[in-house]
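Bear in mind these aren't lab numbers, they're just calculated from the coordinates by the rules spelled out. None of the values given here were measured: they were computed from a predicted structure. Cβ: placed from backbone, ideal geometry, glycine included. Neighbour counts: every protein chain shown.
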Amino acid sequence: MKNLLSKSLFLTGFLFITSCSSNNVTTTSNPANVTVTNNKISDCGNEVARVKLNRTANNALVNVEAATPDNFSHNYKIVTIDLSEYTTSGQVVIKGKVGSQGSLSFGLINASSNFKCSGFQEGELSSAANIKPESSFEMSYNFSAGQVLHLLVEGSWGGVKDSVNKVDLNISVK
């Protein structure tokens, strides 16, 4: 694979084995729980990564690039967070640091929810909107046993159309 890089890293007390880069997504995590994808799962969004968390692999680092859509429309980059191995409820925490190019917005929905391709997304479980460049944010959600979620990432409305920014995400379960 031409866009695949592998190397060992040691970060903040965890041994992260692999770093992969493909389709505007970089993952640095245990390879057992993060898969880089490029699946069109909606007319207004592509799944770019699948994160499978469980009691032994309860943390993942993912870097996503997202573009700014037309005002009141959507072009989501979607990170699927699979919590199906949890037999009890818990709390998923999503921390992020936005890159230097433009504001980004984030919404967390059930994987079974419908996507809105224009206007405001309905049924968000948690959100962080218009996060400015070089800023950090945190979202959390108390999930039910076996739940699967979608994290929607996109450039904020009102920005320069098609401008791209990155976000470093740390997704974990408490």
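Structure above, values below:
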| quantity | calculated |
| --- | --- |
| Evaluated over the stretch 74-138, the Cα radius of gyration and Dmax, each in Å | 13.4, 40 |
| Percent breakdown of C-alpha pair distances by 5 Å bin, ordered from the shortest bin, for the stretch 32-173 | 2, 11, 22, 24, 22, 13, 5, 2, 0 |
| Unsatisfied cross-links (Cα-Cα over 21 Å) in the set 77/174; 116/161; 52/161; 40/174; 40/95; 52/77 | 77/174; 52/161; 40/174; 40/95 |
| For 77, 116, order by how many other beta-carbon atoms lie within 10 Å, fewest first | 116, 77 |
| Packing-based exposure ordering (other Cβ within 10 Å, fewest first) of 85, 65, 122 | 122, 85, 65 |
